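Below you'll find the structure, written out as structure tokens, and then a few comments.
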Amino acid sequence: MILTVTLNVSLDKYYRVPDFSPGDVNRVEKMIPTAGGKGLNVARVACALGAPVKATGIIGGLTGDLICNLLSDEGIEFEFLKAPIESRTCINIIESEGRSTELLESGDAIGEETVSAFFDHFTRLLDEADVVALSGSALRGMPNDIYGQLTTIAWESGIPTILDTSGERLLRGIEAAPAVIKPNQKEIGQLMGKEEALADDLIDHCMAYVGAGVQCVVVSLGSEGALLITKEGVWQGRPPKLEVVNTVGSGDSMVAAFAVSLRNGDEPEVMLRRAIAVSAANTLTESTGHIRPEDVETIREQVRITRLR
């Protein structure tokens with residue numbers, strides 16, 4: 001089973017506003033509510049790929065109840081820790097030409113007691129897990145090394161983790177040597193102290209993480225696909241040109257694909273081809289983290305894989 005962890009769950013609202021005008025009254029043409037947060041997007045896509053999944057994290061309040069109802073409607077299994085908070089709401093405004101504006105609540109703060117309770121909750125769920133996906137931001141009150149601690153707990157049970165976060169949480173998480181990390185190009189640049197990193201410099205930087213115990217570094221490159229850096233080599237995968245509807249959730253879709261591949265024991269090129277196809281398939285639907293398996297299969301055949309090293 002793939003266990004996905006979302007430490008800052010949200011109710012995501014997709015608003016289609018064809019002629020969005022900041023500072024003015026705007027009429028919403030269509031609204032789609034989704035149980036959100038990066039880990040829940042991962043769970044949704046992994047389910048669509050046919051993998052057994054359980055979603056966990058911390059929720060609370062009426063918004064938390066609505067999130068659970070939405071997950072139940074989708075048939076996604078979940079087991080959250082409930083806390084005395086109100087889960088956040090995030091809004092994604094999509095204009096007619098496809099431009100996206102996101103409004104993200106930061107989420108409530110929690111205390112040490114809730115953090116400790118979640119460690120116990122997470123440890124218990126590991127009995128069922130083959131792979132753990134750790135994704136996104138964390139509630140205020142959680143330590144910066146929260147993902148490092150969760151990675152260590154998982155490794156103690158022999159379970160590999162995939163880490164997709166940013167900043168200090170990513171840096172501290174890497175210290176625990178997760179099996180896979182999936183930063184984007186900007187996030188790697190931040191770790192390097194550079195706004196724009198040359199490809200060779202970026203690869204060399206990521207190879208240092210591989211040397212320190214990370215098995216795979218996946219750097220998402222937006223429309224240019226992704227880099228996969230392992231001790232066996234370096235590859236770039238590129239998707240075909242597509243008519244993009246919504247890019248939100250594409251990185252999470254890539255994490256889901258790698259979780260499935262990690263569980264299957266796939267070879268690097270197979271992992272990358274699936275990840276590029278799944279990520280690209282997400283851009284063809286309005287809803288965040290939704291894919292159609294037939295799109296994945298069509299795109300997979302058109303993905304171009306190039307070995308760089």
message = Looking for something without any contact (Cβ under 8 Å) to a residue 40 or more places away in the chain, under 16 Å from Gly213 (Cβ atoms) and not acidic (Asp, Glu) - is there at least one such residue anywhere in the range 124-147?
response = yes
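Yes/no matrix, rows are residues, columns are (1) in contact with a Lys or Arg (Cβ under 8 Å, 6 or more places away or on another chain); (2) modelled with pLDDT under 95; (3) among the basic types (Lys, Arg); (4) not in a loop (DSSP other than H, G, I, E, B):
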residue: Gly98; (1), (2), (3), (4): no, yes, no, no
residue: Gly107; (1), (2), (3), (4): yes, yes, no, no
residue: Thr114; (1), (2), (3), (4): no, no, no, yes
residue: Phe118; (1), (2), (3), (4): no, no, no, yes
residue: Phe122; (1), (2), (3), (4): no, no, no, yes
residue: Leu126; (1), (2), (3), (4): no, no, no, yes
residue: Ser137; (1), (2), (3), (4): yes, yes, no, no
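Yes/no matrix, rows are residues, columns are (1) within 15 Å of Val234 (Cβ to Cβ); (2) of a type outside the set (A, V, I, L, M, F, W, C):
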residue: Lys194; (1), (2): no, yes
residue: Leu198; (1), (2): yes, no
residue: His205; (1), (2): yes, yes
residue: Ala212; (1), (2): no, no
task = Test Thr230 against the criterion of being touching a Cys at 6+ places or on another chain (Cβ under 6 Å) and surrounded by fewer than 22 Cβ atoms within 10 Å (Cβ to Cβ), and give yes or no.
result = yes
query = Within the range 202-259, which strands (runs of 3 or more DSSP E) (wholly inside it) include 1 or more residues that are modelled with pLDDT of 90 or more and farther than 25 Å from Ala176 by Cβ?
reply = 233-238
message = Take the conditions more than 25 Å from Leu134 (Cα to Cα), assigned to a helix (DSSP H, G or I) and not aromatic (Phe, Trp, Tyr) and apply them to Glu195. Does it pass?
response = no
message = Please go through the range 292-309 and give me each residue that is out of contact with any Gly (no Cβ under 9 Å at 6 or more places or on another chain), assigned to a loop (DSSP other than H, G, I, E, B) and either over 30 Å from Asp201 (Cα atoms) or charged (D, E, K, R) (or both), ordered by number.
response = Arg292, Glu301
ask   = How many residues are of a type in the set (Lys, Arg), buried (at least 17 other Cβ atoms within 10 Å of the Cβ) and within 15 Å of Leu221 (Cα to Cα) if we restrict to the range 240-288?
value = 1
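Whether any residue in the range 57-66 is surrounded by fewer than 24 Cβ atoms within 10 Å (Cβ to Cβ) and in contact with a helix residue (DSSP H, G or I) (Cβ under 9 Å, 6 or more places away or on another chain) is what I want to check.
The answer is no; no qualifying residue exists.
The values are calculated or read from the model by the stated rules, or taken from the named source; none is laboratory data. Predicted model only: the values in this text are computed from it and were never measured. No Cβ is skipped: glycine too gets one built from the backbone with ideal geometry, and neighbour counts run over all protein chains shown.
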